[in-house]
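The structure appears below as structure tokens.
The values are calculated or read from the model by the stated rules, or taken from the named source; none is laboratory data. All figures in this text were calculated on a predicted structure; none of them were measured in a lab. When we count neighbours, we look across all protein chains shown, and the Cβ atoms used for this are built from the backbone with ideal geometry, even at glycine. Quick note on the areas: whole protein, heavy atoms, side chains included, nothing else; ligands and nucleic acids left out. Shrake-Rupley method; radii C 1.70, N 1.55, O 1.52, S 1.80 Å.
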Amino acid sequence: MIEETVILIAEDDSGHFALVKRNLWRSCVADDIIQFKDGQEILDFLLNKDGEAHRKPNTRYLLLLDIRMPKVDGKEVLARIKEDSRLRKLPVIMLTTTDDEAEIERCYRAGCNFYIAKPSDYNKFMEAVQNLGEFLSSGGIKIPVIA
């Protein structure tokens, strides 16, 4: 189990968010899970910009990031995170419908830790998220504290 980690999900589709949240909880991920509906919301949270929600110092965060989002797309969010000295160690898992090999390669080069293409089939999507939850619960990824 990931100890005291806040899972941030940047996902504009509320149905996908609900499925991801439910299946992560089923897979023994009992941490806080927060949704951001567009790229600007997640950037404001992480960079402590205007708005009500702010990132807390000395906390472990993990970001599940969709590529296709309103306002600021996931590729730009990833780039901004990785160029910020305070945030560059934040683990980012791309969780998106885009399965284009060139796009996947660009995300890895930009610094994502893992890339999961969301299957269009409902059951396969649930299975993929459950596998992700089991991976996270097993300690498969080390989550650093973000100052």
Would you say Ser27 is of a type outside the set (Val, Ile, Thr), open to solvent by less than 20 Å² (accessible area, probe 1.4 Å) and modelled with pLDDT under 90?
yes
Has the range 99-111 got at least one residue that is of a type in the set (Phe, Trp, Tyr), open to solvent by 20 Å² or more (accessible area, probe 1.4 Å) and closer than 22 Å to Asp13 by Cβ?
no
Inspect all residues belonging to the range 113-136 and state whether any of them is in a loop (DSSP other than H, G, I, E, B), touching a strand residue (DSSP E or B) at 6+ places or on another chain (Cβ under 8 Å) and of a type outside the set (Val, Ile, Thr).
yes
If the Cβ limit is 9 Å and pairs must be 6+ apart or interchain, which residue in the range 41-54 that is at positive phi and modelled with pLDDT of 80 or more pairs with which residue that is open to solvent by 10 Å² or more (accessible area, probe 1.4 Å) and of a type outside the set (Ser, Thr, Tyr)?
Asn48/His54; Asn48/Arg55
Test: Leu132 is within 18 Å of Lys21 (Cβ to Cβ), at pLDDT 90 or above and not aromatic (Phe, Trp, Tyr)
no
Just checking, does the range 110-123 include any residue being in contact with a Cys (Cβ under 6 Å, 6 or more places away or on another chain), among the aromatic types (Phe, Trp, Tyr) and on the phi < 0 side of the Ramachandran plot?
yes
Complete set of residues in the range 82-105 that are touching a Lys or Arg at 6+ places or on another chain (Cβ under 7 Å) and not in a loop (DSSP other than H, G, I, E, B):
Lys82, Leu95, Thr96
Taking only pairs six or more apart or across chains, which ones have beta-carbon atoms under 9 Å, a first residue in the range 76-93 that is closer than 15 Å to Arg106 by Cβ and open to solvent by less than 80 Å² (accessible area, probe 1.4 Å), and a second residue that is of a type in the set (Asp, Glu) and in a helix (DSSP H, G or I)?
none
Name every residue in the range 64-80 that is in a loop (DSSP other than H, G, I, E, B) and under 10 Å from the mean Cα position of the chain (by Cα), in order of residue number.
Asp66
